[in-house]
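Notes for the one structure printed next.
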Amino acid sequence: ADVVLVTRAPLAGFAFGVAAGEVVRGVEATYREFLRDEEVRVVSCPIEPRAVRMYERGELRAVLAPGEALRGERVVAMSGIAGPGSFVAELRRLGVSEVVGRFDFADHHWFGAEEVAEVSRAAARARAVVCVTEKDWVRLGAA
């Protein structure tokens, strides 16, 4: 490889309590050692949430900046992604006060009506909001 793109350095840095730059330097050193290539370039290109869309009963209620939307909220995280832990870490990085429940489904899972109802009941019991990724949101349509 000539170039390695690091997409989660800020999140990894948050998780390990180090600066994103340290994560990138560590990845770069590992790749150089593994590939035995002093010329490999490691570039940080973080994935950052641009907005949080708030829905109520399927209707768009508000579009807010990520930092203001979730700060102090109690949430139930529902995801059908390969690395659900990164989603939960991102929620914490965005300032949620507590992740009171997690519903981790297989990657690319299409949610059924009973699964959505179960998550909604758990959130209601915990007086929390349900958070899903945009990728998962589009697969809720049939439920």
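The values are calculated or read from the model by the stated rules, or taken from the named source; none is laboratory data. The structure displayed is predicted, hence computed values, not measured ones. Quick reminder, even Gly has a Cβ in these numbers, built from the backbone with ideal geometry, and neighbours come from all protein chains shown. We work out accessible area using only protein heavy atoms, side chains counted, and drop any ligands, DNA or RNA first. Shrake-Rupley method; radii C 1.70, N 1.55, O 1.52, S 1.80 Å.
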So is V63 in a strand (DSSP E or B) and either open to solvent by 30 Å² or more (accessible area, probe 1.4 Å) or under 18 Å from I47 (Cα atoms) (or both) or not?
yes
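With respect to R74, determine if the residue is of a type in the set (K, R) and either open to solvent by less than 60 Å² (accessible area, probe 1.4 Å) or within 20 Å of R8 (Cβ to Cβ) (or both).
Values: of a type in the set (K, R): yes; either open to solvent by less than 60 Å² (accessible area, probe 1.4 Å) or within 20 Å of R8 (Cβ to Cβ) (or both): no.
So R74 does not fit the description; no.
Would you be able to tell me the number of residues in segment 117-133 that are touching a residue at least 24 places away in the same chain (Cβ under 8 Å) and open to solvent by 40 Å² or more (accessible area, probe 1.4 Å)? Walk me through it before giving the result.
Initially, segment 117-133 is screened for residues touching a residue at least 24 places away in the same chain (Cβ under 8 Å), giving 119, 122-123, 126-133.
Remaining after also requiring open to solvent by 40 Å² or more (accessible area, probe 1.4 Å): 127, 129-130, 132.
Selection size over segment 117-133: 4.
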Identify, by number, the condition in (1) open to solvent by 30 Å² or more (accessible area, probe 1.4 Å); (2) touching a residue at least 24 places away in the same chain (Cβ under 8 Å); (3) aromatic (F, W, Y) that F34 doesn't meet.
(2)
Is there a residue in segment 79-96 that is modelled with pLDDT of 85 or more, among the β-branched types (V, I, T) and within 19 Å of A128 (Cβ to Cβ)?
yes
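Only one residue in F111, F87, F103 is of a type in the set (F, W, Y) and either closer than 30 Å to V3 by Cβ or surrounded by fewer than 16 Cβ atoms within 10 Å (Cβ to Cβ) (or both), so which one is that? So that I can check it myself, show each step before the final result.
Numbers: F111 fails: either closer than 30 Å to V3 by Cβ or surrounded by fewer than 16 Cβ atoms within 10 Å (Cβ to Cβ) (or both); F103 fails: either closer than 30 Å to V3 by Cβ or surrounded by fewer than 16 Cβ atoms within 10 Å (Cβ to Cβ) (or both).
So the residue among F111, F87, F103 that is of a type in the set (F, W, Y) and either closer than 30 Å to V3 by Cβ or surrounded by fewer than 16 Cβ atoms within 10 Å (Cβ to Cβ) (or both) is F87.
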Suppose we filter E28, E114 for residues that are at pLDDT 85 or above, more than 13 Å from V132 (Cα to Cα) and either over 21 Å from the mean Cα position of the chain (by Cα) or in a loop (DSSP other than H, G, I, E, B) (or both); which single one remains?
E114
